[in-house]
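The values are calculated or read from the model by the stated rules, or taken from the named source; none is laboratory data. The structure presented is a predicted model; accordingly, all values stated were derived computationally and were not measured. With ideal geometry, Cβ positions are generated from the backbone for all residues, glycine too; neighbour counts draw on all protein chains shown. The accessibility values were calculated without ligands, DNA or RNA, using every heavy atom of the protein model including side chains. Shrake-Rupley method; radii C 1.70, N 1.55, O 1.52, S 1.80 Å.
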Amino acid sequence: MEDPAEQFALELRALRDSAGGPTYRQMAARTGQSPSALSNAAKGRQLPPLEIALAYVEACGGDRAEWERRWRAAEAESGTAPTPRRRWPVVAAAGTAALTLAVAGTILTNRLAHEPPPSDSADHSPRLFADDDVFNQRHPRPRLSPDSAQMVTDLLARGRGRAKLYTGKAGSLVYRATSKTPTYEVTPRKHLDQWGPNPFENIDFPWDASWKAPPPEREWTVVITPDGRSLECWRTEVQDGKPSCEWGAVSNTRGSSVSEKGQATGSGLSRLAGVITHADWKAGRINHALSFGTPDNNGQYVFPAVGSDGPGQGRWREGQFIWLDSAYDIDADTSLKPYERMVAKALQEYGAFNVKNAGEFSFTSEYGSKPPGNKGDAYAPLTQIKFAKYLRVGTIAPAS
């Protein structure tokens with residue numbers, strides 16, 4: 001009789017293969033678990049802790065409920081319950097110096113045995129798109145716009161000096177398909193040929209019957225396929241369980257943030273570019289640039305944008321870059337809520353890109369996400385961040 005732990009591990013490895021074989025370091029970045037813990041889960045020596053198993057599944061786009069059932073069945077068959085492990089990094093608060101060094105040494109040994117260390121040891125939160133994508137790079141020398149101060153004033157004018165964070169029920173709706181998710185042929189209901197060829201041609205569009213189309217005010221739905229494609233559907237409708245899109249785009253979450261086909265933002269960048277994910281909030285750190293919208297875009301654009309739908313005559317161009325000046329001591333600002341501190345640090349370290357027209361200065365996170373310290377279920381105000389004093393506007397040059 002096959003060992004339940006070995007069978008469960010075999011199925012985990014098959015799931016990882018179906019997801020395109022992400023490295024354990026990439027999986028760790030997406031989940032907050034250590035690479036060694038995730039690697040050990042698939043070895044089959046013993047049934048992994050449920051928390052580790054579900055993190056593995058989540059990193060590979062699997063269905064958590066289905067895999068929890070599999071795990072509990074394997075546990076019942078084996079008659080053992082593994083001891084839960086702590087999250088990576090294991091050392092959170094030191095007991096004694098000797099114990100801390102011993103545990104840290106063990107973690108380092110395990111990490112080196114399975115995966116090379118990240119290029120930036122501080123970057124443990126999940127990322128979409130390739131490591132060298134513009135959204136995943138720090139930009140230490142942006143070009144400051146001559147009229148930066150006036151552009152900041154224009155940007156903040158409609159928000160009474162503040163910005164909004166779309167979160168909870170106002171966030172971006174993102175589904176993650178598995179290899180078992182049913183797929184359909186999708187042809188845009190409108191704009192075909194007028195806006196270009198069918199972006200979903202020859203693409204199997206996954207849709208699970210349990211998924212809900214977004215409410216009318218949330219016009220975009222994103223489905224991430226097991227091979228990492230981002231299928232971005234505008235005005236999703238579902239009839240007899242089959243999805244359709246009025247228009248859309250296809251991007252590659254393992255490649256560039258510029259859409260490969262179609263267009264999902266005026267800038268030509270993916271709807272996922274700069275979105276704060278569930279896993280970002282869970283990690284307590286946003287290690288990528290953000291994206292934002294402004295009501296004042298004109299018809300011009302700059303890198304990394306590849307287009308613009310700006311109707312205005314203002315100073316703003318799609319693709320422009322904003323950041324918080326390093327003179328802002330974020331750690332010393334005790335007025336910031338936990339999620340505001342995370343956003344502020346991301347803006348100081350990575351900045352944000354203007355990707356679209358919007359009714360107000362706003363950032364976006366994943367639908368249903370819960371920023372730490374926010375009690376609402378929709379818009380999270382960014383009231384305390386000192387945008388007016390420390391926000392700067394400029395441009396980024398393409399990498400040479």
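Using the 1.4 Å probe convention, the accessible area of segment 155-213 works out to 58 Å² per residue with neighbouring protein chains retained.
As a test of the formula, what do you get for the chain when each DSSP H run with n ≥ 4 contributes -39,500 (n - 2.57) and the sum is divided by the residue count, at 222 nm and rounded to the nearest 500 deg cm²/dmol?
Working: 10 runs with 105 residues, N = 400.
Computed mean residue ellipticity for the chain: -8000 deg cm²/dmol.
If the segment from GLU217 to ALA73 were pulled out straight at 0.36 nm per residue, it would be longer than the present Cα-Cα gap by 47.7 nm. Only bridges whose two residues both fall in the chain count here: according to DSSP, what percent of them are antiparallel, nearest 5? Antiparallel bridges: around 65 percent, rounded to the nearest 5. Computed packing ranks the peptides 242-251, 3-12 as 242-251, 3-12, most packed first, by mean other Cβ atoms within 10 Å.
Here the spin labels are modelled as points 7 Å beyond Cα on the Cα-Cβ line, and at HIS191 and SER148 they lie 3.4 nm apart. Residue ranges 215-225, 280-290, 144-154 sort as 280-290, 215-225, 144-154 when ordered by packing (mean number of other C-beta atoms within 10 Å per residue, highest first). Note on SER335 and ALA378: the model spin-label points, each 7 Å out from Cα along the C-beta direction, lie 2.6 nm apart.
On the chain, 50 percent of the accessible area sits on carbon and sulfur atoms, based on a 1.4 Å probe.
Heavy-atom accessible surface of segment 331-400, averaged per residue, reaches 42 Å², computed with a 1.4 Å probe.
Look at the alpha carbon pairs under 8 Å that are at least 6 residues apart: their mean separation over the length of segment 168-261 gives a relative contact order of 29 percent. Normalised by the residues of the chain, what does the relative contact order come to in percent, with Cα pairs under 8 Å and at least six apart? Relative contact order for the chain comes out at 19 percent.
Approximating the spin labels as points 7 Å out from Cα along Cα→Cβ, the ALA157-to-ALA130 distance works out to 4.0 nm. Here the contact order of segment 315-400, divided by its residue count and restricted to Cα pairs under 8 Å and six or more residues apart, works out to 50 percent.
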